[in-house]
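Below is one structure, written out as structure tokens, with a few remarks after it.
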Amino acid sequence: VHEYKVVVLGSGGIGKSALMVQFVQGIFVEKYDPTIDDPYRKQGEVDCQQCMLKILDTAGRTEQFTVMRDLYMKNGQGFALSYSITAQSTFNNLQDLREQILLVRDTEDIFYDLVRQINRKTPMEKQQPKKKSCLLL
């Protein structure tokens, strides 16, 4: 079973924890209880392959936990940026989070990862470079 580390980030009080509990346990929690970085695990199947999701539900007040947040960004493999559809400011805050992820993770890695994703989606016969003729002087 392949494990995936996913980090959920966003402003405080927008429902990140309710979303996690709904996904993992199948119940909806209406009561707001401020989070201080709660881990969740869920085994499932994606594309006929068993996987284990290790999901970290982070605290919304990230300015108080910058060192921990940077560590989560460095170690996470995927990121779910969440916001409230009723609060524009929570959407606006996502740009700062995205920029912080890129800074912590080193942006060159992102471009190579993009090429890997393209390679997975493109059939191998289309990827083969055409032979070039060379003229030696």
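For this structure, a couple of remarks:
- When the range 78-99 is limited to residues that are out of contact with any strand residue (DSSP E or B) (no Cβ under 6 Å at 6 or more places or on another chain) and open to solvent by less than 40 Å² (accessible area, probe 1.4 Å), the one that is nearest to residue 14 (Cα to Cα) turns out to be 84.
- For the range 1-46, taking the residues that are among the small types (Gly, Ala, Ser) and outside any loop (DSSP other than H, G, I, E, B), the one that is farthest from residue 68 (Cα to Cα) is identified as 44.
- When residues of the range 13-61 are limited to those that are among the small types (Gly, Ala, Ser) and within 21 Å of residue 74 (Cα to Cα), the one least open to solvent (accessible area, probe 1.4 Å): 59
- Residue within the range 120-136 that is assigned to a helix (DSSP H, G or I) and modelled with pLDDT of 75 or more present: yes
The values are calculated or read from the model by the stated rules, or taken from the named source; none is laboratory data. Only a predicted model underlies this, so the values are computations on that prediction, with no experimental measurement involved. All Cβ positions, glycine included, derive from the backbone under ideal geometry; neighbour counts span all protein chains shown. When the accessible area is computed, the model is the full protein with side chains, heavy atoms only, and any ligands, DNA or RNA have been set aside. Shrake-Rupley method; radii C 1.70, N 1.55, O 1.52, S 1.80 Å.
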